[in-house]
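Each value in this text was obtained by applying a stated rule to the coordinates, not by laboratory testing. Note that the structure is predicted; figures quoted are calculated from it, not measured. Reconstructed Cβ throughout: ideal geometry from the backbone, glycine too, with neighbour counts over all protein chains shown.
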Amino acid sequence: MLGSCLNNVREKSPLVHNITNYVTVNDVANAILAAGASPIMADEPDDAYEITAICNALNINIGTLNSRTITSMFRAGQRASELGHALLLDPVGAGASSLRTDTAVKLMKEIKFDVIRGNASEIKTLALGSGTTHGVDADKADAVSDSNLAFMAKFVRDFAKSTGSIIALTGAIDLVADSERCYAIRNGRPEMGRITGTGCMLSGITAAFIAANPHNKLEACAAAVCMMGAAGETGYSHLKEYEGNSTYRNKIIDAIYNMTPENLERGAKYEVIE
Amino acid sequence: MLGSCLNNVREKSPLVHNITNYVTVNDVANAILAAGASPIMADEPDDAYEITAICNALNINIGTLNSRTITSMFRAGQRASELGHALLLDPVGAGASSLRTDTAVKLMKEIKFDVIRGNASEIKTLALGSGTTHGVDADKADAVSDSNLAFMAKFVRDFAKSTGSIIALTGAIDLVADSERCYAIRNGRPEMGRITGTGCMLSGITAAFIAANPHNKLEACAAAVCMMGAAGETGYSHLKEYEGNSTYRNKIIDAIYNMTPENLERGAKYEVIE
Amino acid sequence: MLGSCLNNVREKSPLVHNITNYVTVNDVANAILAAGASPIMADEPDDAYEITAICNALNINIGTLNSRTITSMFRAGQRASELGHALLLDPVGAGASSLRTDTAVKLMKEIKFDVIRGNASEIKTLALGSGTTHGVDADKADAVSDSNLAFMAKFVRDFAKSTGSIIALTGAIDLVADSERCYAIRNGRPEMGRITGTGCMLSGITAAFIAANPHNKLEACAAAVCMMGAAGETGYSHLKEYEGNSTYRNKIIDAIYNMTPENLERGAKYEVIE
């Protein structure tokens, strides 16, 4: 099932419009290409609005938002929504500043996202109106662990219910949930946290998976999250002892490029909590 | 001849001003350095205008254009034109939105470019006022192939004639033409299409080649295109089976860095169609 | 001593706010992570102002400045100053345009920086109101060499005295000075000049070192400069003959990631000139 989701990305090659931060944008583009889809970036309001129409998915990432790109996010988001495109929000740094929190909250009010993907601190901020933060990284106090897994699974299911979006809360254990089911995913490596942009790349890829699997969005989202983690494991296995986070970044994207549906099926580590 | 064009880049090390998109800008900078030239980026209108004057070439890439950077493109372009600098336009996404198409058309009207470099869909859009598009990638229907080679060679020569610019239409077969001669170049690998920014990198390098070979612009442009393709072949030969598009990107830039005039002469695969 | 400075970065993991150029921003983020600290980027004025408060250091890099980000630099700089955060200025391209020179001069007047880090041409421009430039690279005429070392050491000490900032003038020989002492550092490789962003990465890392070593800023700055150079040496030792500047960039960040306090102590090559 997860493998066929990847297969659909490769066969349909959806065009993913990304209004995203300039820190990790190149990796997002290459990760989307590695997954088998095509990226495009536009963030001037008129251009973003028009480009949206020729795409299949929209990935909004508020990482280095500014007044111009915020306008683009709303205009592109509303158009993508009218056109029934796959829509993903990555609320980078929600909780770290009021502009980020308020923009994410307002986007969620005005646009129905298929998926909201963030770290534990960002999702808690959006769900509870509070949450600690360590900049754009999750605070350790917010992490999902074996001891709070059932509680956190219910938390994301509830947030999925109230928003009508699939929630992907990613970290050491990833949770991907709609209002009824929650995938708890254990792929990945802790060293991925020492690379900038693994979350941003995952958001771009997830948007492609949702676009290519419109009748199967929860599984598609879980497949994307498993693939990113599995690519992190594969990439790590090819690292030499003197290599570090920069080469690791390349090897993760490479592993996405070489991931087969069979590898994804075999490598995915998850349980479903209902 | 192609080799001596590269030699001139290495010896003169032209300073290339790039007003370019933030998706691939880092690779453009490293590719220009790899070729032996120096990059600089400025996109605030006053800064772009002033920086232009200390440079030898201007590379305008409309990939993530916005109202501020469009102003910079026109001001820098006009100044570079007055100063007789090498001038290149990369109309990324022309045909994908009216802002992109209109900006490219207006730039071509107001500024005389030495080279216009784009994919088949972008060049068709600019030449014919129409053309299909797959975002920032060329549509397959527009591709140059053995069956339409003579027709397409005439098309780019005609467009070169009407614009007074060298036209570099790049894809599986690259065409580099002025009004009289057309190089058909068969370097490169299809896997280069799975990397973001190979076109953008080529544009930056081409601007450097034009600046370093002012009396020999058509050959210089062909040399840059051959070098990019040959670097794609060399880089590919060093890829391990588990490596993918991200490592490939690095290896292409590495291959440009290590390209010698002799390698370029030996590796270039082209015919000239008159 | 230098090793313990690195140790403090790893233990405290300071959060470094970077208002920086979009050319090298991804490498800056990964270099900061490699050093053991955390990066965050914000450049919309309100966001930059608020994000500053949750950070430990601010790295202002004027590489692709625009009117919006200049406002952010002043607002974030003033707030970081009020809060006693580590503050670094990287005057990229000072001397290459009046906007860059004037912005750097004005920032220095209104904000007290712990460190000003630039190449020889940039520092000369700021100290003397003049200085040649080759775009964002230093002019060879300005370089520090064995023949002018004593003179240049006095020059940076004097500039440190007049500004109240530590001056880090980096090149083939790096000088790191306060008003009394000057470290002359001979780590690094000439090939680092063929990579875009080694200076920008160093600035980001230095901001982290200053934040983690508030009572020992001069040594902390020297430690960061030695580490960048030593990483350049280590990275180079792992390069294959067919690899070039793009892979080298990755290997330098990797070497920072794997640098131990012991390696740094052992590898640092410097003398102190009083």
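Worth a mention:
- Spatial separation of Cα centroids for segment B:131-207 and segment C:191-245, in angstrom: 40 Å
- Taking a ≥ b ≥ c as the square roots of the eigenvalues of the Cα gyration tensor, segment B:134-242 is classed as oblate, since a/c reaches at least 1.5 and a/b does not exceed b/c.
- Footprinting exposure proxy ranking of C:PHE113, A:PHE74, fewest other C-beta atoms within 10 angstrom first, gives A:PHE74, C:PHE113.
- Between the amide H of B:ALA172 and those of B:VAL144, distances stay under 5 Å, these residues lying 5 or more places away or on another chain, with hydrogens modeled in the peptide plane.
- Whether segment C:2-273 is rounded, prolate or oblate, judged on the alpha carbon gyration tensor where a/c under 1.5 counts as rounded: rounded
- Here the Karplus curve 6.51 cos²θ - 1.76 cosθ + 1.60, taken at θ = phi - 60°, turns the phi angles of segment A:58-71 into couplings of 10, 10, 9, 10, 8, x, 10, 4, 9, 4, 5, 6, 5, 4 Hz, with x standing for Gly and Pro.
- Inter-label distance, B:GLN78 to C:SER98: 1.8 nm, where each label sits 7 Å from its Cα along the C-beta direction.
- Of all DSSP beta bridges in segment B:1-81, antiparallel share, percent nearest 5: 0 percent
- Inter-chain neighbour count for C:44-55: the average number of beta-carbon atoms from partner chains within 10 Å of each residue's beta-carbon is 5.
- Entries of A:LYS140/C:LYS217; B:LYS106/B:LYS251; C:LYS109/C:LYS217; B:LYS12/C:LYS154; B:LYS12/C:LYS109; C:LYS112/C:LYS217 with Cα pairs more than 26 Å apart: A:LYS140/C:LYS217; B:LYS106/B:LYS251; B:LYS12/C:LYS154; B:LYS12/C:LYS109
- Less than 5 angstrom separates the built amide H of B:ILE166 from those of B:VAL115, B:ILE116, all sequence-distant by 5 or more or on a different chain.
- Residue separation of A:SER145 and A:ARG181 scaled by 0.36 nm, minus their Cα-Cα distance, works out to 11.2 nm of gained length.
- What separates the A:VAL105 label point from its copies, with the point 7 Å along Cα to Cβ, is 4.5, 4.5 nm, written shortest first.
- Net charge, A:TYR183 excluded, C-beta distance under 9 Å - Lys, Arg +1, Asp, Glu -1: -2
- Listed by Cβ neighbour count within 10 Å, with the fewest neighbours leading, B:ARG186, A:ARG100 appear as B:ARG186, A:ARG100.
- Backbone HN-Hα couplings from phi across segment C:19-29 [Karplus 6.51/-1.76/1.60, Hz, Gly and Pro as x]: 9, 9, 6, 7, 6, 10, 4, 5, 5, 4, 4
- Label point distance in nm, A:ALA53-C:GLU262, each placed 7 Å from Cα along Cα→Cβ: 6.5 nm
- Per-copy distances of the B:THR260 label point, shortest first, in nm (7 angstrom along Cα→Cβ): 4.0, 4.0
- At R0 = 30 Å, FRET efficiency that the Cβ-Cβ distance of A:LYS269 and C:ARG10 yields, to 0.05: 0.50
- A straight line joining the Cα centroids of segment A:1-58 and segment C:78-99 runs 36 Å.
- On the beta carbon distance between A:GLU191 and B:THR71, with R0 = 51 Å, the FRET formula returns roughly 0.70.
- Closest Cβ on chain A to the rotation axis that carries it onto B (distance rounded to whole Å): A:TYR22, 3
- Take each residue in A:30-40, count the other chain C-beta atoms within 10 Å of its C-beta, and the mean is 5.
- Per-residue average of Cβ from other chains inside 10 Å of B:93-100: 6
- Candidate aspartates and glutamates - alpha carbon under 16 Å from C:LYS269, same-chain residues fewer than 8 apart omitted: C:ASP146, C:ASP174, C:GLU219, C:GLU233
- In sequence order, calculated HN-Hα J values of segment A:136-153 (Karplus, 6.51, -1.76, 1.60; Hz; x Gly/Pro): 9, 9, 6, 6, 4, 4, 8, 5, 7, 9, 4, 6, 10, 4, 5, 4, 5, 5
- For A:GLY129, inter-copy separations between label points set 7 Å beyond Cα along the Cβ vector come to 5.8, 5.8 nm, shortest first.
- Of all DSSP beta bridges in segment B:2-273, antiparallel share, percent nearest 5: 40 percent
- Cα gyration tensor, segment B:73-170 - rounded (a/c under 1.5), prolate or oblate: oblate
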